[in-house]
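Colleague: Once you've had a glance at the structure underneath, I'll fire off some questions.
What follows is calculated from the coordinates using simple rules that are stated; it is not laboratory data. Every value quoted in this text rests on a predicted model; they were computed, and no experiment measured them. FYI the Cβ positions are ideal-geometry reconstructions off the backbone, even for glycines, and counts take in every protein chain you see.
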């Protein structure tokens, strides 16, 4: 199967979040299963030179972007069985940021989306599945159906779109998108590209993609609600039959404490002695007190409200009242940069914060921290909690999205679970669970070690998820009818396979000889006549009902006179004396009064 990924970032070349990890880890797994997998990403200036030096120029051409004609170069690099294409345009991508800044983001990624489609016939590569990721590539499925579907080269390409974070949708002005992509007014309606008066890259993908996925089963359910749906929940509910959640995985080779060259000492679930050395090395590196009994709480995250850092802001003083140390690594909103900068000064030797992207330090935190804190307000999937589990750093999370799918809170009654969690988005609920985890860390070390080992033995790879994606890809491929091969008539021996005979003929041949002597079926009336005894044949034809009654009655019935009128019958039944009785005159009230007066006079 030919598969093309289009995304705004991909490890190991460029990364700002979990999107890069997913694309960079899933593509090699699919390639290892025998598929031709290729990935397209912009060629940012931030891509390390070690990778740029390995690229080779494939081709260049011009992309029509509205009235503009923009240069597009294509550089290629092969790694782990995957071919990576880098879309090169220095005007758009040679900047000191990846995305999220500047006023022409719509134009930069409109160029990227069109370039991904325009380059395919020039490369001679026709993907059966085009898998777009997040808003930066969201216009690809829409352009494919609106502007390219008439071309036979593009017609059979099927599209899958993955939502990595519904909060970031690529929302721009309608006139801007019309200008750069040349899409007509008829497509900017509420059932297509328009969204609350704007053009929306992500909505375009949700409308025009054949299938939609997101990065965990729980998040697929959550985004169909108004609370998590970011004003697209109605559309997602309408397309729920084409929406599924596929849990992300991690690169289990890259994140392996038994062979990780970045950490101070390697260790595994059967021998965790190296973990104590990693903890000391982390404390030493960040200037913390080298205290083996202090529970080190680690945070590796983008610093934003989505990650639940406002909960930490509310109770950080109460957290630091416990015997803990806090380590923070990430970049983001100034509010949280200020928070952790203040905490580092307030709790010197117990809090360390680094506001940068440092992959090596992230590995050190996973390997050296005791508890990994991830109280997200919402989390599509989350990879950090799975990496922490892999390194034996017990996670404490809020039950949302992929966190709920991967971390089960420990239950001491049935000994189930691999971490700790809380449900309500509440700072004191989080504080209560932190204190609960501390009791196990301090007083029940056997249980704590069991949780570490259970997490390290879990399966967080891409094997099962890759198979789920492949099954999804196959389900939307066009069904091709196999052509019927014509065989010359002389080559088919009639004796071997005779021509099928009609059903009636087959029944006649299969019946015994006596069946052949069976006469043809006669009409029903004839069969009844023949089956009846001889006397039945002598039975006269049925007569009218009146005639039958007349014949059946005795002779005296025949002598009965005809019925007379009712008046005549009454007259004949009255005796003669009744005929002589005088007619009685009626006496009125007036006559009776006159008679009485006459008698009184007498």
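Colleague: Test of understanding: what is the full-extension gain from residue 237 to residue 54, defined as 0.36 nm times their sequence separation minus their Cα-Cα distance?
Modeller: Working: separation 183, 0.36 × 183 = 65.88 nm, distance 4.49 nm.
Value of the extension gain: 61.4 nm.
Colleague: Using the Kirkwood radius over C-alpha pairs as Rh, can you work out the diffusion coefficient of segment 342-445 via Stokes-Einstein at 4 °C, viscosity 1.567 mPa s, in µm² per second? Could you put the intermediate results ahead of the total?
Modeller: On the way: Rh = 14.7 Å.
Reported coefficient: 88 µm²/s.
Colleague: On to the next question. What is the gain in length, in nm to one decimal, between residue 96 and residue 453 on full extension, counting 0.36 nm per residue of separation less the C-alpha to C-alpha distance? Mind showing how you got there, number by number?
Modeller: Details: separation 357, 0.36 × 357 = 128.52 nm, distance 4.22 nm.
This chain segment gains 124.3 nm when fully extended.
Colleague: Okay, next question. How large, in Å, is segment 323-382 by the Kirkwood hydrodynamic radius built from its alpha-carbon pairs? Intermediate values should be presented prior to the final figure.
Modeller: Numbers: mean 1/r = 0.0785 Å⁻¹.
The Cα-based Kirkwood calculation yields 12.7 Å.
Colleague: Averaged over all directions, how much area does the convex hull of the C-alpha atoms of segment 213-330 cover when projected, in nm²?
Modeller: Values: hull surface 42.1 nm².
For segment 213-330, the mean projected area of the Cα convex hull comes to 10.5 nm².
Colleague: May I ask you to give the average projected area over all directions of the convex hull of the Cα atoms of segment 231-298, in nm² rounded to one decimal? All intermediate terms of the calculation are to be shown ahead of the outcome.
Modeller: Details: hull surface 34.6 nm².
Here the figure is 8.7 nm², rounded to one decimal.
Colleague: Between segment 231-247 and segment 296-360, what is the C-alpha centre distance in whole Å?
Modeller: Centre-to-centre (Cα) distance: 35 Å.
Colleague: Which residues among segment 297-326 fall inside the zone where the amide N is under 18 Å from a point 7 Å beyond the Cα of residue 436, along Cα→Cβ?
Modeller: Only 312, 319 fall inside the zone, counting backbone N under 18 Å.
Colleague: Quickly work out the residue 426-to-residue 305 label distance, labels modelled 7 Å from Cα along the C-beta direction, and quote it in nm with one decimal.
Modeller: The answer from the label model is 2.1 nm.
Colleague: Between residue 335 and residue 151, how high is the FRET efficiency from 1/(1 + (r/R0)^6) when r is the Cβ-Cβ distance and R₀ = 60 Å? Nearest 0.05. Write out the running numbers ahead of the final one.
Modeller: Numbers: r = 49 Å, r/R0 = 0.82.
Efficiency, from the Cβ-Cβ distance: 0.75.
Colleague: Among 440, 347, 196, rank each residue by its count of other Cβ atoms within 10 Å, from fewest to most, as a rough exposure measure. Don't skip to the answer; put the middle values down first.
Modeller: Details: 440 20, 347 17, 196 9.
So the residues, fewest neighbours to most, are 196, 347, 440.
Colleague: Also, I was wondering about something else. With 10 angstrom as the radius, rank 225, 252 by how many other C-beta atoms surround their C-beta, starting from the fewest.
Modeller: By the 10 Å Cβ count, ascending, the order reads 225, 252.
Colleague: Kirkwood Rh, segment 169-282, all Cα pairs: how many Å? Let's see the in-between values first.
Modeller: Details: mean 1/r = 0.0564 Å⁻¹.
Result for segment 169-282 stands at 17.7 Å.
Colleague: Could you work out, for segment 291-367, what percent of all Cα-Cα pairs fall into each 10 Å distance bin, beginning at 0 Å and stopping at the bin that holds the largest distance?
Modeller: 18, 56, 25, 1
Colleague: Still on this structure: Determine the relative contact order of segment 273-459: mean sequence separation of Cα pairs under 8 Å and six or more apart, normalised by residue count, in whole percent.
Modeller: Numbers: 320 pairs, mean separation 39.1, N = 187.
Relative contact order comes out at 21 percent.
Colleague: Give me 198, 381 sorted ascending by neighbouring Cβ count inside 10 Å, so fewest comes first. If you can, show how the numbers build up before the last one.
Modeller: Numbers: 198 17, 381 27.
Lowest count first: 198, 381.
Colleague: In whole angstrom, how long is each semi-axis of the equivalent ellipsoid of segment 273-459, when you take the square root of 5 times every eigenvalue of its Cα gyration tensor and sort them from largest down? Display every interim value, and only then the final one.
Modeller: Details: eigenvalues 98, 75, 51 Å².
Each semi-axis is √(5λ); the values are 22, 19, 16 Å.
Colleague: Give the Kirkwood hydrodynamic radius (Å, one decimal) of segment 72-136, defined as one over the mean of 1/r across all pairs of different Cα atoms. Don't jump to the answer; show the numbers that get you there.
Modeller: Values: mean 1/r = 0.0747 Å⁻¹.
Radius from the Kirkwood sum: 13.4 Å.
Colleague: At 0.36 nm per residue, and after removing the present C-alpha to C-alpha distance, how many nm does the segment from residue 123 to residue 273 gain when stretched out fully?
Modeller: On the way: separation 150, 0.36 × 150 = 54.00 nm, distance 5.23 nm.
Net length gain for the segment: 48.8 nm.
Colleague: Evaluate the distance, in nm, between pseudo-label points positioned 7 Å from the Cα of residue 79 and of residue 225 along their respective Cα→Cβ axes.
Modeller: Going from the residue 79 label point to the residue 225 one covers 3.9 nm.
Colleague: Pull up the DSSP beta bridges for segment 273-459 and report the antiparallel fraction as a percent, rounded to 5. The partial results should precede the final answer.
Modeller: Numbers: 1 of 22 bridges.
Counting only bridges with both partners in segment 273-459, antiparallel ones make up about 5 percent.
Colleague: Moving on. Sort 442-451, 270-279 for me by packing, meaning the mean count of neighbouring Cβ atoms within 10 Å per residue, highest on top.
Modeller: On the way: 442-451: 14.0, 270-279: 16.5.
So the order, starting with the most tightly packed, is 270-279, 442-451.
Colleague: Could you work out how far apart the two model spin labels at residue 291 and residue 475 are, taking each label as a point 7 Å from the Cα in the direction of the beta carbon, and quote it in nm?
Modeller: 5.3
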